[in-house]
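We did not get these values from a lab; they are worked out from the coordinates using the rules stated. This structure is a prediction, so every number in the text was calculated from the model and none was measured. Every residue, glycine among them, receives a Cβ derived from its backbone with ideal geometry; neighbour counts consider all protein chains shown.
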């Protein structure tokens with residue numbers, strides 16, 4: 001059974017810091033990996049999707065990498081801003097329909 | 001709107017009542033997923049539709065949970081004889097294609113279900 005782990009559960013950093021959020025998964029037979037942002041009381045906003053054949057994806061200040069063989073992904077956030085404060089969830093897609101298995105998320109707080 | 005729409009946003013029900021949660025996916029999206037998110041946890045997969053066909057219901061926690069998508073667009077998740085442990089946020093997601101890999105899932109804002 002696929003398990004996804006995100007550690008730590010919470011992180012607080014000063015504004016402007018570059019930071020890395022980690023995600024690990026137990027079964028490397030994945031179709032894709034997706035990073036989401038969740039604001040309180042809201043649904044999930046897709047940030048980046050990495051297909052299993054890819055190594056990384058970039059969007060603005062965000063960069064996500066995937067090392068399938070070691071079961072790891074990182075989300076890099078450059079020059080963090082208070083507006084980046086949210087919970088960040090990592091999810092791996094498995095099976096032909098790519099149903100997602102999620103980690104518990106990392107709650108990020110960026111202090112002004 | 002262009003996104004996934006879920007209704008109601010909040011639902012309070014007494015234990016034992018039946019509830020129905022609705023999901024309007026993005027127009028043209030073939031795949032539709034339901035997830036359950038308990039407080040402080042990541043979402044957990046419940047069921048998957050490809051058009052009107054329910055191809056995977058392995059995550060449904062009991063036979064009290066039933067989902068349908070009769071015309072391949074709007075979906076309804078029904079919970080019968082609700083229990084307190086059913087209290088959670090129910091999230092719906094859709095994606096453009098049904099084969100794995102290259103399309104993200106787009107999520108609605110969810111329905112927050114509270115069972116008293």
For chain B, what is the relative contact order in percent, using Cα pairs closer than 8 Å and at least 6 residues apart in sequence? 37 percent
Can you bin the protein assembly as shown into rounded, prolate or oblate? Criterion: square roots of the alpha carbon gyration tensor eigenvalues sorted a ≥ b ≥ c, rounded for a/c under 1.5, prolate for a/b above b/c, oblate for the rest. prolate
Compute for chain B: radius of gyration divided by Kirkwood radius, i.e. Rg/Rh, restricted to C-alpha atoms, rounded to two decimals. 0.95
How much FRET efficiency would the formula 1/(1 + (r/R0)^6) give for residue B:102 and residue A:17, where r is the Cβ-Cβ distance and R0 is 30 Å, rounded to 0.05? 0.40
